[in-house]
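The values are calculated or read from the model by the stated rules, or taken from the named source; none is laboratory data. None of these values were measured; they are calculated from a predicted model. Neighbour counts run over all protein chains shown; Cβ positions are idealised from the backbone, glycine included. Protein only, heavy atoms only, side chains kept; ligands, DNA and RNA dropped before computing areas. Shrake-Rupley method; radii C 1.70, N 1.55, O 1.52, S 1.80 Å.
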Amino acid sequence: MRPFVIETLTPGRWRNGGGVTREIACRPAGAEEFQWRASIADIDRGGPFSAFAGVDRTLTLLSGNGVRLSCPGVFARLLEHAGEPFAFPGDLDLSAELSGGSCRVLNIMVRRGRWTAPVQRVTDRIVPPSGHAGVFLVLRGSWQAGVDGLVPGGGVWWDAGDDTVRVGFPPLSPDAAALWADIAPTG
């Protein structure tokens, strides 16, 4: 398991200037043609979203008043509730409109046909399946991750062969809530 804290991840400006990305993990590391990637994005203004051919994405609002994602003739979806994941094909021509100021999202991207990555909000102990990679991000309360405790804005990620996560992640407080991206190879 590799721990992270959102605020200590290195920020990188988007090409279109509409926001900042903080990469949590990319496999293979640093690859232009990634198999899966997890990041935190701060969306500063509305505008077009970058398209990623052959990639499936899941965005989950973490903070802010929300963002409306739209693709003409396909969907329009307002992400307004923190912790509610929304999955969509990454190759769509999307635009984003902010609902009243900047917002922050968790962005999970996987190579279609090779990986899947359902994201869910959890409040009870989770034990990741063997052979799966993943990302675990605390929204509220505190959680146990190995010998360390995790608090809001902190998390861990792991590769598919890392069996140290088999002990799972139990909540340590009654108000605990987290996001879990279960990144699994297909076939």
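Here residue 25 passes the criteria (1) open to solvent by 20 Å² or more (accessible area, probe 1.4 Å); (2) of a type in the set (A, V, I, L, M); (3) touching a strand residue (DSSP E or B) at 6+ places or on another chain (Cβ under 9 Å) except the one numbered (1). Is there a residue being surrounded by fewer than 19 Cβ atoms within 10 Å (Cβ to Cβ), part of a loop (DSSP other than H, G, I, E, B) and of a type in the set (Ser, Thr, Tyr) anywhere in the range 65-84? No, because not a single residue in the range 65-84 is surrounded by fewer than 19 Cβ atoms within 10 Å (Cβ to Cβ), part of a loop (DSSP other than H, G, I, E, B) and of a type in the set (Ser, Thr, Tyr).
So that you can scan it fast, the table gives a plain yes or no per residue for (1) in contact with a Leu (Cβ under 8 Å, 6 or more places away or on another chain); (2) part of a strand (DSSP E or B); (3) open to solvent by 20 Å² or more (accessible area, probe 1.4 Å):
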| residue | (1), (2), (3) |
| --- | --- |
| 4 | no, yes, no |
| 21 | no, yes, yes |
| 34 | no, no, no |
| 37 | no, yes, yes |
| 45 | yes, no, yes |
| 50 | no, no, yes |
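Looking across the range 133-187, the residues that are closer than 28 Å to residue 42 by Cβ, in contact (Cβ under 8 Å) with a residue 24 or more places away in the chain, under 17 Å from the mean Cα position of the chain (by Cα) and part of a loop (DSSP other than H, G, I, E, B) come down to 153, 159. Pairs needed: first member in the range 4-20, under 14 Å from residue 153 (Cβ atoms); second member anywhere, β-branched (Val, Ile, Thr) and outside any loop (DSSP other than H, G, I, E, B); C-beta distance under 6 Å; at least 6 residues apart or different chains. Pairs found: 4/24; 6/40.
Considering only residues that are in contact with a Ser or Thr (Cβ under 8 Å, 6 or more places away or on another chain) and on the phi > 0 side of the Ramachandran plot, which ones fall in the range 20-36? Answer for the range 20-36, where residues must be in contact with a Ser or Thr (Cβ under 8 Å, 6 or more places away or on another chain) and on the phi > 0 side of the Ramachandran plot: there is none.
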